[in-house]
Amino acid sequence: MKNPFKFGTVVEEEFFTDRQEELQYICRVMDSENHLALISPRRFGKSSLVLKAVKQLKRPYILLNMQSITSTKDLSNRILESVLKLYPMKNLKVLLRNFRIVPTISTNPMTDSIEVSFNPFSKENNDMILEDVLQLVNEVSTEKKRIILIFDEFQEIKEIEKDLDKKLRGILQLQDKINCIFLGSQESMMEEIFNDKKSPFYHFGLIMQLKRIPEDEFFQFLNERFSKITTQSESISREILHVTHCHPYYTQQLAFQVWDAIQYQKIANDVVSQAIEQLIQMHDLDFERFWINLNKTDRNTMMLLAQGKSPMMQRDTSTSTSFSSLKRLTRNGYAIKTDTYEIEDPFFQRWIQQNLLQPKI
Ligand SMILES: Nc1ncnc2c1ncn2[C@@H]1O[C@H](COP(=O)(O)OP(=O)(O)O)[C@@H](O)[C@H]1O
Ligand SMILES: [Mg+2]
């Protein structure tokens, strides 16, 4: 029997718990004339959820991972390549003639890939090309099947090129047949982009915060799968969720390990604790590296968080020092803020507890 848990990449079908309400909401927004910004810490399931929504809507979509885009020119190329994949070339020919700079299009029949470049290319033409490409997206889009542009890891736009956000916003606001979804992981940065009056994307779309998966829903998902291999599936499922606090990625990771321990390693007792130990050992080197890279203040903050204490309530550290440390740790992915601040990775938390808070004698 195949391990029914999956972590790391986008999940679909049987690996996906339903998130029905969120799914319906995204579909409704996409059926309107609005844009959506979906914000959560990393690995909460944004990409998986949005891909599920656009597939359910059966609408054409273009997925752009801003982490892998290096310049304005690169962004234009990727968008145009996606349009060429979505629509047959013969329908596009006429529209491509409207481009102020003519693109060269080459296809590789072996890999089925399409590559575009703009000649002659000059930096000054950058904005014009992006404008023409997005205009093309709008033109091929139809009222009934509006194209959905998905910008994944959108906060990276700030790193790509100065003022790209301004340019993009300027162009997008003129397009009337495109819906956009902006996904972002670094919460404070995404909020700055959409909630700061000075930002070009201020109130450009509806903002949705994606939460962890509700406990009952996740419990059912785990229980259904564990009940096929053990009689203790209910207590095992509860224990897993207790450790991971329903974090989508870490829950799937631990469930995968527990399932493996039961099914293949034939561990009968304390299986969840043993699986946790295995995960901590597997990541020991990474955790050590993380730790070495933290400064003294941040280490102190992490130790307090690992003990469930609030770094903001310490007598020996000023509130502003603790606050900037928490912000830094959140930005770098070590901590997350939901109702309170907590360590992002429950196994790193245990590693800290074992190695630093209860030193071995
Ligand atoms: N709806 C879901 N049901 C079950 N597991 C999920 C779900 N969404 C996400 N996950 C888990 O979280 C991991 C990260 O999901 P992903 O969509 O890549 O998150 P994000 O885009 O927020 O970083 C997935 O590999 C999977 O293990
Ligand atoms: Mg993602």
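The values are calculated or read from the model by the stated rules, or taken from the named source; none is laboratory data. Note that the coordinates shown come from a computational prediction; the quantities given were computed from them, not determined experimentally. Cβ atoms come from the backbone with ideal geometry, glycine included; neighbour counts cover every protein chain shown. Just so you know, the surface numbers come from the protein's heavy atoms only, side chains and all, with ligands and any DNA or RNA stripped out. Shrake-Rupley method; radii C 1.70, N 1.55, O 1.52, S 1.80 Å.
Length gain on complete extension for the stretch Glu277 to Ser117, per 0.36 nm per residue less the alpha carbon to alpha carbon distance?
Numbers: separation 160, 0.36 × 160 = 57.60 nm, distance 5.10 nm.
Result: 52.5 nm gained on full extension.
Measuring only protein heavy atoms, the 1.4 Å probe finds Glu13 accessible over about 140 Å². Against the chain, whose longest principal axis is taken from its Cα atoms, helix 233-244 shows a tilt of about 70°.
Please report how many Lys pairs in the stretch 94-186 have alpha carbons closer than 17 angstrom, counting only residues at least 8 apart along the chain or sitting on separate chains. Write out the running numbers ahead of the final one.
Numbers: Lys123/Lys162; Lys123/Lys166; Lys123/Lys167; Lys144/Lys177; Lys145/Lys177; Lys158/Lys166; Lys158/Lys167.
Lysine pairs satisfying the spacing and distance rule in the stretch 94-186 number 7.
Rounded to the nearest 20, the Cβ-based charge dipole of the stretch 215-282 about its Cα centre (Lys and Arg +1, Asp and Glu -1) stands at 240 debye. Applied to the stretch 55-68, the Karplus parametrisation 6.51 cos²θ - 1.76 cosθ + 1.60 on θ = phi - 60° returns per-residue 3J(HN,Hα) values of 5, 5, 6, 6, 10, x, 9, 10, 9, 10, 8, 5, 5, 9 Hz, with x for Gly and Pro.
Farthest towards the positive end of the charge dipole of the stretch 215-282, among the residues Trp259, Tyr249, Phe219, is the Cα of Trp259, using unit charges on the Cβ of Lys, Arg, Asp and Glu. Once each part is reduced to its C-alpha centroid, what is the distance from the stretch 20-83 to the stretch 259-284 in angstrom? Taking the Cα centre of each part, the stretch 20-83 and the stretch 259-284 sit 36 Å apart.
Amide H contacts for Leu206 (H built 1.01 Å from N in the peptide plane; partners 5 or more residues away or on another chain; cut-off under 5 Å): His35, Leu36, Ala37. Note that the chain presents 52 Å² accessible area per residue, ligands and nucleic acids not counted, probe 1.4 Å. Counting only Cα atoms, the size of the stretch 124-163 along its three principal axes is 35, 26, 9 Å, in decreasing order. Taking packing as the residue-averaged number of other Cβ atoms within 10 angstrom, the listed peptides 178-185, 22-29 run from highest to lowest as 178-185, 22-29. The accessible-area ordering, largest first, of the residues His283, His247, His242 stands as His242, His283, His247, per a 1.4 angstrom probe.
Projecting the Cα atoms of Asn138, Cys180, Asn195 onto the dipole axis of the stretch 128-201, where Lys and Arg carry +1 and Asp and Glu carry -1 at the beta carbon, places Asn138 farthest toward the positive end. Per-residue ellipticity at 222 nm, computed for the chain from helices alone with -39500 (n - 2.57) per DSSP H run of at least four residues, works out to -15000 deg cm²/dmol.
In this label model, Lys85 and Lys144 are separated by 2.5 nm, measuring between points 7 Å along each Cα→Cβ vector.
Each part gets one Cα centre, and for the stretch 302-320 versus the stretch 191-229 those centres are 27 Å apart. Counting only alpha carbon atoms, the long axis of helix 296-306 and the longest principal axis of the chain meet at about 70°. Take the chain, drop everything but the C-alpha atoms, weight them equally and run the Debye formula without solvent; then report log10 I(q)/I(0) at 0.10, 0.12, 0.15 Å⁻¹ to two decimals. Computed log10 I(q)/I(0) values: -0.76, -1.00, -1.28.
The 1.4 Å probe gives accessible areas that order Val271, Val10, largest first, as Val10, Val271. Rounded to the nearest 10 square angstrom, Val140 shows an accessible area of 20 square angstrom against a 1.4 Å probe. Between Ser310 and Asn34, the modelled label-to-label distance comes to 3.3 nm, taking each label 7 Å out from Cα in the direction of the beta carbon. Take the Cα of Thr70, step 7 Å toward its Cβ, do the same at Val94, and the gap between the two points is 3.7 nm.
Each residue was assigned an accessible area with a 1.4 Å probe, and for Lys85 the value is about 130 Å². Ranked by the mean number of other Cβ atoms within 10 Å of their residues, highest first, the peptides 206-212, 108-114, 127-133, 216-222 come out as 127-133, 216-222, 206-212, 108-114.
So if R0 is 25 Å, what FRET efficiency would Arg299 and Arg42 give, r being the distance between their Cβ atoms, rounded to the nearest 0.05?
On the way: r = 21 Å, r/R0 = 0.85.
Using R0 = 25 Å, I get an efficiency of 0.70.
Farthest toward the positive end of the dipole of the chain, out of Met66, Asn91, Thr321, is the Cα of Asn91, where the dipole comes from beta carbon charges about the Cα centre.
For the chain, a simple Cβ point-charge model (Lys and Arg +1, Asp and Glu -1, everything else neutral) yields a dipole of about 500 debye relative to the Cα centre.
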